[in-house]
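Visitor: Dropping the structure in here first, questions after.
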Amino acid sequence: MYEKAVITRPHGIHGEVIVKTSDNQPLDVNQVYYQKNQRGDFTPIRVERQIISQKGDELLFFVLFTGITNRQLAENLKGETIFTPVEPDINTIEEDQDPIYDTIGFKVVDSEGIFWGTVDDVTETAAHTILVITKNDSEYMLPAVEEHIIEINFETEEIVAVNPQEFASL
């Protein structure tokens with residue numbers, strides 16, 4: 001087993017925790033991870049949901065593990081190490097990270113150039129990556145998939161989306 005992450009502290013009241021990964025990469029929601037129980041045996045732990053946020057140059061991983069449903073259970077995980085049976089790739093560097101994570105702060109416009117908000121966060125679900133868009137104290141989620149994203153322009157820091165108003169009204 002290889003160390004993948006350490007649970008630094010609980011976050012919120014629904015069982016989420018903040019995780020510091022050894023390679024500054026998010027946990028894979030499709031992989032089974034392990035933690036050690038009191039006897040030292042490895043027990044499986046699964047990622048139910050993960051939200052990735054950026055604070056300055058640091059990526060923060062807010063993770064909800066299956067079965068951790070409240071703050072007290074999350075408190076019990078503080079300081080726990082998360083293990084993976086997969087050997088880490090020592091050649092992994094941050095530049096290999098999916099560029100979608102670099103879109104925080106980008107403007108979101110529709111095909112006519114109408115402003116629909118700013119990317120405030122990027123989150124992972126089991127299905128796909130989600131852009132969290134904010135505008136005027138409102139927040140909506142836009143799936144980061146080809147059918148919804150026409151273009152991501154890293155020079156102008158702008159994302160052109162198909163019908164973002166459909167997501168803004170949900």
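Visitor: Output the residue which, of all residues in segment 117-165 that are hydroxyl-bearing (S, T, Y) and part of a strand (DSSP E or B), is nearest to E48 (Cα to Cα). Full working, then the answer.
Guide: In the first step, residues of segment 117-165 are kept if they are hydroxyl-bearing (S, T, Y); the result is 118, 123, 125, 129, 134, 138, 140, 156.
Restricting the remaining residues to those that are part of a strand (DSSP E or B) gives 118, 123, 129, 134, 138, 140.
Details: T118: 26, T123: 12, T129: 14, T134: 24, S138: 25, Y140: 20 Å.
Restricting to residues being hydroxyl-bearing (S, T, Y) and part of a strand (DSSP E or B), the top hit is T123.
Visitor: Is segment 88-105 home to any residue that is out of contact with any strand residue (DSSP E or B) (no Cβ under 6 Å at 6 or more places or on another chain) and either at pLDDT 85 or above or small (G, A, S) (or both)?
Guide: Yes, segment 88-105 contains a residue that is out of contact with any strand residue (DSSP E or B) (no Cβ under 6 Å at 6 or more places or on another chain) and either at pLDDT 85 or above or small (G, A, S) (or both).
Visitor: Would you pick out the residues in segment 101-129 that are among the β-branched types (V, I, T), crowded, with 19+ Cβ neighbours inside 10 Å and within 18 Å of L27 (Cα to Cα)?
Guide: V122
Visitor: Can you confirm whether F83 is assigned by TED's automatic domain parsing to the domain that holds T43, at pLDDT 80 or above and either within 19 Å of the chain's Cα centre (by Cα) or of a type in the set (K, R) (or both)? Give the derivation first.
Guide: On the way: assigned by TED's automatic domain parsing to the domain that holds T43: yes; at pLDDT 80 or above: yes; either within 19 Å of the chain's Cα centre (by Cα) or of a type in the set (K, R) (or both): yes.
So F83 fits the description; yes.
Visitor: Let me ask you something else. Does segment 55-66 contain at least one residue that is at pLDDT 90 or above and surrounded by fewer than 14 Cβ atoms within 10 Å (Cβ to Cβ)?
Guide: yes
Visitor: Can you tell me which of D28, D23, D41 is within 12 Å of the chain's Cα centre (by Cα), assigned by TED's automatic domain parsing to the domain that holds K78 and surrounded by fewer than 17 Cβ atoms within 10 Å (Cβ to Cβ)?
Guide: Unique residue meeting the criteria: D28.
The values are calculated or read from the model by the stated rules, or taken from the named source; none is laboratory data. All of these numbers come straight from a predicted model, not from anything done at the bench. Because the Cβ atoms are built from the backbone with ideal geometry, glycine has one as well, and the counts that use them run over all protein chains shown.
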